[in-house]
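The values are calculated or read from the model by the stated rules, or taken from the named source; none is laboratory data. Remember, it's a predicted structure, so these values are computed and weren't measured experimentally. All Cβ positions, glycine included, derive from the backbone under ideal geometry; neighbour counts span all protein chains shown.
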Amino acid sequence: MDQNYFSVSAIIPRLLTRFLRIFFSLLYHSFAWSYDAVAWTVSLGRWTTWISSVIPYIQGRRVLEVGHGPGHLQVALARRGFVAFGLDESRQMSRQAFFRVKKIVQPKLTRGRAENLPFPDSSFGTVVSTFPSEYIVLPATLNEIMRVLEPGGKLVILLASWFSGKSWLEMAAAFLFKITGQVPSANNQFQNLLQPFLSAGYTSRLVWIDQNSSRLLLIIAEKP
């Protein structure tokens, strides 16, 4: 086999990863107006249902959502009586979420980064994040979340989702998720996902949810 094949095959994943980072950055900022449509399309209409799957794992009344995006979980939390705070670094997403949440309650949203949370120590029973990027496992992020959680508080992360149905559309979507690296590609990678949380001092576990021909992967990390 041509040696050039191996060099090209090694480059393609790196190029795809770089492209996806640029794409998601644009989608989260300049093209935030199209975020809901894209999310609905790639999830085959399941996006808001997926996001709401974290709610049964929330403890306490005060909740901080890190990376609130367009605000759908904020609305769901408010409707269930939680005192929900939200943080996001995107100006465009913050604006969308503000007007969406304002229809239900007075928004408690702030712009900022997870590595430097503008909240006092032990402020929340739960910190939640849905489909976050790599920032969620940075030591600075995990240390800050640990700081703002109450003793025994939870960090709940909806990390990934993929399709388990057998329709041609679901199988095509599952293939797309796989080639773009949106889910771990090997079984031993699942347990490895817990290492950053364990290193930061959390008690951590994986939770799988089977829901409507799709499978969701959550990380539940508890502060001692």
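Just give me the residues in region 116-153 being touching a helix residue (DSSP H, G or I) at 6+ places or on another chain (Cβ under 7 Å) and of a type in the set (D, E, K, R), in sequence order.
D121
Among the residues of region 138-174, write down those that are in a helix (DSSP H, G or I), at pLDDT 75 or above and over 20 Å from Q191 (Cβ atoms).
A140, T141, N143, E144, I145, M146, R147, V148
Looking only at region 179-224, filter to residues that are among the basic types (K, R) and modelled with pLDDT of 90 or more; which one of those is farthest from G153 (Cα to Cα)?
R205
Restricted to region 47-76, and to residues that are part of a helix (DSSP H, G or I), free of Cβ contacts under 8 Å to residues at least 60 places away in the same chain and under 13 Å from the mean Cα position of the chain (by Cα), which residue is surrounded by the most Cβ atoms within 10 Å (Cβ to Cβ)?
Of everything passing the filter in region 47-76, L73 is surrounded by the most Cβ atoms within 10 Å (Cβ to Cβ).
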